[in-house]
1. Which numbered condition in (1) out of contact with any Asp or Glu (no Cβ under 8 Å at 6 or more places or on another chain); (2) modelled with pLDDT of 95 or more; (3) surrounded by 13 or more Cβ atoms within 10 Å (Cβ to Cβ) is the only one that H50 fails?
2. Please determine, by comparing only the residues of region 29-65 that are hydroxyl-bearing (S, T, Y) and more than 8 Å from the chain's Cα centre (by Cα), which one is nearest to M1 (Cα to Cα).
3. Would you point out the residue of region 17-47, among those that are more than 16 Å from S63 (Cα to Cα) and touching a Phe, Trp or Tyr at 6+ places or on another chain (Cβ under 7 Å), that is modelled with the lowest pLDDT?
4. Quick check: is even one residue across region 18-32 surrounded by 14 or more Cβ atoms within 10 Å (Cβ to Cβ) and touching a Ser or Thr at 6+ places or on another chain (Cβ under 7 Å)?
5. Are any residues in region 9-24 in a helix (DSSP H, G or I) and not hydrophobic (A, V, I, L, M, F, W, C), and if so, which ones?
6. Between residues in region 26-44 that are farther than 17 Å from A10 by Cβ and residues that are of a type in the set (G, A, S), which pairs lie under 8 Å by C-beta distance while being six or more apart or on different chains?
7. Out of all the residues in region 9-33, which are among the charged types (D, E, K, R) and closer than 23 Å to R65 by Cβ?
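The values are calculated or read from the model by the stated rules, or taken from the named source; none is laboratory data. Here the structure is a predicted model, which is why all the values come from computation and not from measurement. Counting neighbours? That spans all protein chains shown, and the Cβs are built from the backbone with ideal geometry, glycine included.
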Amino acid sequence: MDYTKFIDDALIARGDMYFNMKSYSMAKSCYEQALAKLRRYNGDRSHPAHTAQYLQKRIRECSGR
């Protein structure tokens, strides 16, 4: 299964932009949406797993601010 359709690069980039602007609630929303889409991937590739870890880390960082 091709994982690329489950990784929303635009949404992650938007989340990063908001994070850098210190708009943590908007960043968290983008990251949560991207993670929800990524969780629909059922394959065994490492890139989606690393991306999911990145998104979870960012969500925790946004929640703590």
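1. Result: H50 fails condition (3) only.
2. Going through region 29-65, the residues hydroxyl-bearing (S, T, Y) turn out to be 29, 31, 41, 46, 51, 54, 63.
Checking which are more than 8 Å from the chain's Cα centre (by Cα) leaves us with 29, 41, 46, 63.
Values: S29: 27, Y41: 8, S46: 13, S63: 32 Å.
So the residue we want is Y41.
3. G43
4. Yes, region 18-32 has at least one match.
5. Just the residues of region 9-24 that are in a helix (DSSP H, G or I), to begin with: 9-20, 24.
Of everything in region 9-24, those that are in a helix (DSSP H, G or I) and not hydrophobic (A, V, I, L, M, F, W, C) turn out to be D9, R14, G15, D16, Y18, N20, Y24.
6. R39/A52
7. Kept after step one, since they are among the charged types (D, E, K, R), are these residues of region 9-33: 9, 14, 16, 22, 28, 32.
Once the filter is applied, which keeps residues that are among the charged types (D, E, K, R) and closer than 23 Å to R65 by Cβ, region 9-33 yields R14, D16, K22, K28, E32.
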